[in-house]
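Report on one structure; see the data block that follows.
The values are calculated or read from the model by the stated rules, or taken from the named source; none is laboratory data. None of these values were measured; they are calculated from a predicted model. We place every Cβ from the backbone using ideal geometry, glycine too, and count neighbours over all the protein chains shown.
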Ligand SMILES: Nc1ncnc2c1ncn2[C@@H]1O[C@H](COP(=O)(O)OP(=O)(O)OP(=O)(O)O)[C@@H](O)[C@H]1O
Ligand SMILES: [Mg+2]
């Protein structure tokens, strides 16, 4: 999970609310009178704030610049020769097939599951809602390891599609389910009263409004696929990301690695462009605008059993299999190594992982603050530019960011190469959008109107911050911090490249054990990563129901 | 001495000037309603007084102290101005008691809400809410209750001046009247000077001692309700304050000659062609031939407490918008012929 998953995820969920009920008509106004214009004050931002936000945006764009400069530094002819090799074509084809198969599969699975859970009388919907998000608690490469260890023949495209689909469909499920919950019953009911059946009404009134949520979720899946390393390496399925890492392992050729990374970058831009087009000109409404009425759940009748069976099968494949396999290897391992020397090791690695995660989370929140304040309090073209740059840079694969930081640190500040600082910086760049989205929703919970109300009641700046802004913003900021920290604790790609020698994380320890095919030794680290990720499911579930 | 005095205040957002030189004085303890169309700058005016917008020119004085202008600037929290915003704006993370006690001084041991329990209860009583809402959260209150809590919160630090920005506009008619009356009583009891912003003429007239009509960023007229309704300074304010029938005619001395006969004229009377403004309630329906002219009833709109009869002159002279307000059950029927009688003088403006 090297892509900024849930930052964009939340954004997608918010965009998902696009079609939500519009503002209530002002009933009290006489017909001739215009409704009041409500505009956010657009005050010029303070120079300090603007400078800080610009610096952060520049930092996030840095990797792109470095990669492009490096890729262009060799003789042009050589670069072209390298890029037209059949090998590049093969990598492109592999990436293409993976996308073409996995993205639609996650959309079908995600939308179908969301519809069943949110719109029908499926038994125990609350439980299913959690279970559909549970795959997020199992890092995709752990799930790949589980499948490979029970079915070694699964390598190749088939295995890659299976594992990635099961691991990533919640990215579609989450925003779609959140949107389905906020959509008002009104339009569906009007369609029904005009003689359209329940399924037709869903397709003609609800589905079109799901477009932004679906395309946002699909975008996330696509970006994850481009960035995926662990799963594909285990499935021995070569794409650009795996090729870049192999290139790097074989002997670090800056220019070639950068050329591959440039192609990957172009693919990312392509995906982002396609998504913008697919999203359409959907209006983005605020979440929770008016409670609206929830439609009556559609009775499943005799379809209840097949529906439950289908969802159950998904859970079995996506969650039960990996967890059971990890548990079995755990048992095998304890039987082999009775002395339990592994426990101290596990605790040590967990400790350093948690330490990195906490520091990285703090750094991401700190770096996200200027941009978030700028966007919330001084919206305007400049703020939007800062936001776009941050999101764009952060949708780059971890491998690109890591490569760029290595190149940069070696040539400019050799002192920080092979330090935890560089690794933390990479984490912060990768997961900045998550932090920013959370900070923004925190600031939105403490709107300037409330700050003004506090001031007219005699509070000065510090009082406003301490008594109004912080208490209101704290829950989302904390949630954002936790999301970033959890993502860091299972990050593999950038960590592989940037971790200073001697620093072990759970993902690294797990990875080196599986590389030696020592599945039993890998199991405790896998189990710990799953355990650490459980809160993620809980946090994300709250995004649907709140 | 005036509690609030604005002189030549110009203010706006960025390059756009919204207030183009506003003068206003509200005496201590007085109640002034600012009336204006949506977008005319009412909220902007309150922002200037409360200190959330710096005027580009002019002076703002509160309680004799210059709070803005002449190089003076007093931060919002030091002005002692209570501000009830258009949207209420209660703190969602605090209980009702916590909201009301927010602006009260916090002593060392004081814990939110507890220390100021008596004051909170007193304020709840003042805004006519039961004491048991104190521990509720704002989202567990109805819209009208939220507005009253917002008022109680603004009144808690005993401000000398309270600004109310359309505090009743989100409420439905019945609740609106009840909340408005409770607010008026609470403000009276607190003795605070009040500036109420509204776009509802009836609300302004029933609430305030003085009405200030804001249009295009400046005050068109500032006067007591009776004056502004009965003696508007121009035809625009006349029709803004209530239904008005424009009638063209000739003036001489204080006579106004028009299709309705010779009427008594008041206001700025020049000789020659002028426009007079007649209120529908100034027309009395009498038996045919007993009024100054006869008219036929073309339509009757029934409102319960009164009816409005649309009229056409029997003589055939067109007179657009001629209608009479008839109180109670005495409404005529469509097609009736009636005599018309004009009560009181009509306001005359230069044509
Ligand atoms: N922060 C702002 N930035 C730019 N223009 C603004 C801002 N706030 C208000 N305006 C503009 O200033 C004008 C006056 O706005 P104001 O809010 O004072 O109107 P209002 O009289 O209170 O209207 P309403 O009755 O609808 O509340 C409007 O044209 C509005 O669009
Ligand atoms: Mg306003």
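For residue A:226, indicate whether it is at pLDDT 85 or above and within 18 Å of the chain's Cα centre (by Cα). First the steps, then the outcome.
Values: at pLDDT 85 or above: yes; within 18 Å of the chain's Cα centre (by Cα): yes.
Criteria met by residue A:226.
Among the residues of the range A:119-155, write down those that are in a helix (DSSP H, G or I) and in contact with a strand residue (DSSP E or B) (Cβ under 9 Å, 6 or more places away or on another chain). Full working, then the answer.
If we filter the range A:119-155 for residues that are in a helix (DSSP H, G or I), which is where we start, we get A:119, A:125-137, A:140-150, A:152-154.
Listed by number, the list holds a single entry, A:119.
Can you name the residue in the range B:77-99 that is within 16 Å of ligand 1 (Cβ to nearest atom) and within 7 Å of another protein chain (Cβ to nearest Cβ) and, of all such residues, is surrounded by the most Cβ atoms within 10 Å (Cβ to Cβ)? Steps first, please.
Just the residues of the range B:77-99 that are within 16 Å of ligand 1 (Cβ to nearest atom), to begin with: B:83-89.
With within 7 Å of another protein chain (Cβ to nearest Cβ) added as a condition, the list becomes B:83, B:85, B:87, B:89.
On the way: B:83: 27, B:85: 22, B:87: 18, B:89: 23.
This residue is B:83.
Considering each residue of the range A:512-546, count those that are over 30 Å from residue A:441 (Cα atoms) and touching a helix residue (DSSP H, G or I) at 6+ places or on another chain (Cβ under 7 Å), and give that number. Explain how you work it out, then say what you get.
Of the residues in the range A:512-546, the ones over 30 Å from residue A:441 (Cα atoms) are A:512-528.
Still in the running and touching a helix residue (DSSP H, G or I) at 6+ places or on another chain (Cβ under 7 Å): A:513-514, A:519-528.
Result for the range A:512-546: 12.
Quick grid of which residues meet (1) crowded, with 21+ Cβ neighbours inside 10 Å; (2) over 30 Å from residue B:36 (Cβ atoms):
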| residue | (1), (2) |
| --- | --- |
| B:243 | no, no |
| B:248 | no, no |
| B:266 | no, no |
| B:312 | no, yes |
| B:321 | no, no |
| B:344 | no, no |
| B:347 | yes, no |
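Consider residue B:74 carefully, then state whether it is within 14 Å of ligand 1 (Cβ to nearest atom), more than 26 Å from residue B:169 (Cα to Cα) and assigned by TED's automatic domain parsing to the domain that holds residue B:135.
no
Considering only the range A:244-258, state which residues are in a helix (DSSP H, G or I) and surrounded by fewer than 24 Cβ atoms within 10 Å (Cβ to Cβ). Can you show your working first?
Step one: list which residues in the range A:244-258 are in a helix (DSSP H, G or I), which gives A:244-250, A:254-258.
Within the range A:244-258, A:245, A:246, A:247, A:248, A:249, A:250, A:254, A:255, A:256 qualify.
Taking the stated definitions as given, is residue A:58 surrounded by fewer than 17 Cβ atoms within 10 Å (Cβ to Cβ) and at pLDDT below 50?
When the stated conditions are applied, residue A:58 does not pass them.
Scan the range A:404-418 and tell me whether some residue there is in contact with a helix residue (DSSP H, G or I) (Cβ under 7 Å, 6 or more places away or on another chain) and more than 22 Å from residue A:229 (Cβ to Cβ). Can you show your working first?
To start, the set of residues in the range A:404-418 that are in contact with a helix residue (DSSP H, G or I) (Cβ under 7 Å, 6 or more places away or on another chain) comprises A:404-409, A:416-417.
Cutting the leftovers down to more than 22 Å from residue A:229 (Cβ to Cβ) gives us A:416.
Looking for residues that are in contact with a helix residue (DSSP H, G or I) (Cβ under 7 Å, 6 or more places away or on another chain) and more than 22 Å from residue A:229 (Cβ to Cβ), one finds at least one in the range A:404-418, hence yes.
Please report, ordered by residue number, the strands (runs of 3 or more DSSP E) entirely within the range B:1-85 with at least 3 residues that are touching a helix residue (DSSP H, G or I) at 6+ places or on another chain (Cβ under 6 Å). Reasoning before the result, please.
Values: elements: B:2-13, B:16-27, B:31-36, B:57-62, B:65-69, B:81-84.
Counting at least 3 such residues, we get B:31-36, B:81-84.
Here's a check for you: in the range A:443-461, which residue that is touching a residue at least 40 places away in the same chain (Cβ under 8 Å) and closer than 28 Å to residue A:60 by Cα is farthest from the other protein chains (Cβ to nearest Cβ)?
First pass over the range A:443-461, keeping only residues touching a residue at least 40 places away in the same chain (Cβ under 8 Å): A:443-444, A:448.
Right, trim to closer than 28 Å to residue A:60 by Cα and you get A:443-444.
Details: A:443: 14, A:444: 12 Å.
Only one residue fits best here, namely A:443.
Residues in the range B:14-71 that are away from ligand 2 (no atom under 16 Å from the Cβ), farther than 24 Å from residue A:455 by Cα and within 14 Å of chain A (Cβ to nearest Cβ): how many?
Matching residues across the range B:14-71 total 1.
Is it the case that some residue within the range B:196-203 is surrounded by 15 or more Cβ atoms within 10 Å (Cβ to Cβ), more than 16 Å from ligand 1 (Cβ to nearest atom) and in the same structural domain as residue B:18 (by TED's automatic domain parsing)? Before you say what the answer is, go through the steps one by one.
Of the range B:196-203, the ones surrounded by 15 or more Cβ atoms within 10 Å (Cβ to Cβ) are B:196-201, B:203.
Filter once more, so that each one left must be more than 16 Å from ligand 1 (Cβ to nearest atom): none.
No.
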